[in-house]
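The values are calculated or read from the model by the stated rules, or taken from the named source; none is laboratory data. What you see is a predicted model; the values in this text were computed from it and never measured. Note: ideal-geometry Cβ built from the backbone for every residue, glycine included; neighbour counts use all protein chains shown. Keep in mind that these areas ignore ligands, DNA and RNA; they rest on the heavy atoms of the full protein, side chains included. Shrake-Rupley method; radii C 1.70, N 1.55, O 1.52, S 1.80 Å.
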Amino acid sequence: MDSAVRSNYFNPYWGDTDTKIDSVHLIYSDSIATSLSTGSVYNSGIQYGNHLDPLTIESKWLIDHIENSFYVWNTSKLANGLDFDEFKELILPYRYRNEALDLTSSKYRELYWDIIQADSSIDLESIVNKLNTYSTKMSCIEKTGPHIGNFAFYDLMHFNTLGCDRHSEWMCRVLNACGVPAALDFTPSWKNRNRGHFWVSVRDKTGNYHPFTPMWQPLHDSIYFSETSKVFRLTYTKQSNPATLNKDGEEIPSAFSNPRILDVTELYHKVTNLTIPVNQTGNRRELGYLSIFSPDGWKPIGWGKYVNKNSALFFEKVPVSTIYASGLQVDGQITPNTHPFYVQEDGQIVYIVPDSTKRIDIHVKRKFHEKGHLIEMMEKMIGTKVLASTTIDFSDFDTLHILTRQDLSAMSTKSIPMKLKKAYRYIRLIPEGENELNLTGLKIFAKSSQDFESKSIKYKPLTNDNRYDELQNDNPDTFTTLKVLEIDLMLPMLIDAIEITPRNSNNGIVPGDTYELLYFDKHWISAGITLASTNSLTFKNIPANTLYWLRNLDRGREEQAFLYNGERQIFINEDNYINNSWVPFGECMKELY
C-alpha cells in the first residue's frame, strides 16, 4: 500500500492489512478479468435484463455455497448457536438483491477468514471495524479505476460512485461466508430528508442485532439510526406485506413490491399500533399506506389493513414522536385520506387541522432545518480574530473585530461594519486554538484615498492557494476550509465593512431568489409567491394550525414541511436549533399541542 494512503486514512485496526489488502486486490483483479473473458459473472452489469438464477447459476457454484454455509454454521463462534430457521435467514442466503455472484463462498472465506476469525476472542465490534478499514483502503486503490458493471466486491471499491445498497449487499456476502450472521436492513425514507438507506445488521451470540453502514460507520451509532422512519429486513421467507396481502391487483408502492420484506421497526424505535378512521369513498381497497412528507409527494413508509368494515386503517409498529399522513396509492402517488397527524410519545394521536377562521402572518428564514455538523463548524469560528496590518508579515497589526455568535448564528451572510479611518492592505482571520474556518464567502468593502464610495474589493491570497477562489465566486453552494486566512487587498484601503458567510447548506433565504409558501388542507395549496430581497420573508393572512412548506423556485433540492408557533418555524420530525441549543421535536410539539 502507498504510504500516502496510510497517512491519510490511518486506523488502529490496520495491523498487517497492507499485505492482505494487496493480495485480496490482486485476486479480485484477476477474477474480474477472467469473468469478463469467460462470461462467468452472473447477473452482472454486462447482462442487462432479468436472468433467472436457476437458469444461470452453475450447480458447482451453488454446491460450494451450501457446503460452506454448513461449515461455518458449525465452526463459527457467532453462528453455531443459531437454530435452523435462523441459519436459513442469516447464513445460508446466496444473494440479497441483484448483486453479482462472482467468487464462490469458500473463496470469500479463504480471503477473509483470517481477518474475521483469526483470533477466537475477537468481538463483533472489532470485526466490523477491521472490515470497514479494509474496505476503505481498497476503495483508495481503485478510486480512479473504471466502473465496469455490477461486480459485487469490485463495486465496493467504487464507494463514491455507487450507493449504500450495493456496499451493504457485498458486506453481507462476506460476513455470511465467514460465519458472521448478518441481514440487510433498509428504510424507505429518513424521517427528516427525502431519501432512503440500506445497511447491514449483524447478530451477536445473545440474539441482539447491531446495525452499521459499510466502510465508515462503527457499531452502536444509535443517534444515526434514530432518524430512520420504519425499518424493514430482506429475508428469504415470504412475509405478510403488500406483495402477499394484495389479492385484487391493487397498485402497490415499489418499495413494498418484494414479498420477502419483514417489518423490524421495533428494533430501532419505540413503536405503537394505530387505528386511523378513514373514509374509503367507494374505493374497495385491501391496504392503505402510512406516509411522511417529502418534496416529491407524501412518501409511503409502511402499510396497514382496512378494519372495522373498511372504516379504519390499522397500522402496526409505528414510531412515535413523528408526523404522518394516511393515504392510498393512486397512479404512482400517495393520495392522503386523512389530515396529517402527530403520534405522541404515549401513542396518542393529534390531528393537524387548519383553522380557516384564524389567519396569521408567517415569518420564514429557511426552507430546511439546520444541520448539526454545520452548526458545530459555525460554533468553532466564534472567537476568530480579524486582524489588519500595513506589513505583509503582520509584525504590526490591529485587531478589527472578534467574531461573535451573533455574527454567525443566522448561517447566512452578515455584514460587519468597520468605518475605519486608518488604511490597511493585509487582512488575517485566525480562529481560536486548533479550530478551522469554514466559509462560503468573504467580501471586503473598502475605498482608497482617491475613492468617494466603498466597493467590494477583489483580493488575492498571500499564498498560492486556489481555495480562496471559493470565497469570491458568489456561489452559495461552495465553501472552503482554512486554518488561517490571509489576504492582500493590493493597496492600502479604508475598510468600511467585512461581509462574512459561514459554510451552510444554502437552505436559508437567498436574496434575489423566488419562493413559494404552501399550506396543507387535504392537499397542498399555494399561499403566494414572492421575490426575496433580504434573508427573511413574510407571508400574510395564512390559515393557522397546519403544515407549511416553503419552496425555492430557482434552486436547491432540500425542503421540509414545518409548523409555526407564532414566532418561528418548527421543522417536523427533526430536532430544532432554537436559541443556540437543540430542542427535540417532541418537546417542540408539547409547546404547540
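Observations on the structure shown:
- Relative to the dominant Cα principal axis of the chain, helix 59-75 is inclined by about 80°.
- Rg followed by Dmax, in Å, when region 428-474 is reduced to its Cα trace: 13.2, 40
- Tensor-based shape of region 521-577 (alpha-carbon gyration tensor, a/c under 1.5 rounded, otherwise prolate or oblate): rounded
- For region 482-571, the share of accessible area belonging to carbon and sulfur comes to 48 percent (1.4 Å probe, ligands and nucleic acids excluded).
- Between Asp204 and Glu516, the FRET efficiency estimated from the beta carbon spacing at R0 = 51 angstrom works out to 0.55.
- The chain - mean residue ellipticity at 222 nm from DSSP helices (-39,500 (n - 2.57) per run, n ≥ 4, rounded to 500): -6500 deg cm²/dmol
- Full-extension gain in nm, Asp346 to Glu250, via 0.36 nm per residue minus C-alpha separation: 31.2 nm
- Fraction of accessible area attributable to carbon and sulfur, region 175-334 (%, probe 1.4 Å): 48 percent
- R0 of 22 Å, Cβ-Cβ distance Ser240-Asp85: FRET efficiency to nearest 0.05: 0.85
- Cα-projected label distance for Lys385 with Ile122, points at 7 Å along beta-carbon direction, nm: 5.0 nm
- Accessible surface, the chain, averaged per residue in Å² (probe 1.4 Å): 46 Å²
- Cα gyration tensor category, rounded, prolate or oblate, for region 379-523 with a/c compared to 1.5: prolate
- Label point at Thr404 placed 7 Å out along Cα→Cβ; residues across region 367-392 whose backbone nitrogen lies under 13 Å: 383
- 19 Å tail of the calculated P(r), region 390-452, as % of Cα pairs: 43 percent
- Shape category assigned to region 319-363 from the gyration tensor of Cα positions, a/c cut at 1.5: oblate
- Here the relative contact order of the chain, from alpha carbon pairs under 8 Å that lie six or more residues apart, stands at 10 percent.
- Euclidean distance between Cα centres, region 450-486 to region 326-375, Å: 41 Å
- Relative to the longest principal axis of the Cα atoms of the chain, the long axis of helix 105-117 makes an angle of roughly 60 degrees.
- Each other residue within a Cβ distance under 13 Å of Leu537 adds +1 if Lys or Arg and -1 if Asp or Glu, for a net charge of +2.
- Local electrostatic count, Cys178, Cβ distance below 12 Å [Lys/Arg +1, Asp/Glu -1]: +3
- Helix 124-141 vs. the chain, principal-axis angle (Cα, 0 to 90°, nearest 10): 70 degrees
- The P(r) of region 416-497 has a tail past 18 Å containing 44 percent of all C-alpha pairs.
- Nearest-10 value in Å² for the accessible area of Leu491, using the 1.4 Å probe: 100 Å²
- Peptides 528-535, 448-455 ranked from most to least packed give 528-535, 448-455, packing being the mean of other C-beta atoms within 10 angstrom over each peptide's residues.
- For Lys365, the lysines whose Cα falls under 26 Å of its own Cα, not counting residues fewer than eight places away in the same chain, are Lys191, Lys299, Lys380, Lys414, Lys443, Lys522, Lys540, Lys590.
- Extension gain for Ser59 to Asp469 (0.36 nm times residue separation, less C-alpha to C-alpha distance): 141.7 nm.
- Taking θ as phi - 60° and the Karplus parameters 6.51, -1.76 and 1.60, the scalar couplings of region 353-364 work out to 10, x, 9, 6, 7, 10, 10, 9, 9, 10, 9, 10 Hz in sequence order, x denoting glycine and proline.
- Summary of packing: across the peptides 547-554, 577-584, 398-405, the per-residue average of other C-beta atoms within 10 Å ranks them, highest first, as 547-554, 398-405, 577-584.
- Only one item in [x] 145, 87, 32; [y] 47, 37, 20; [z] 57, 24, 21 matches semi-axes √(5λ) of the Cα gyration tensor in Å derived from the coordinates shown, and that item is [y].
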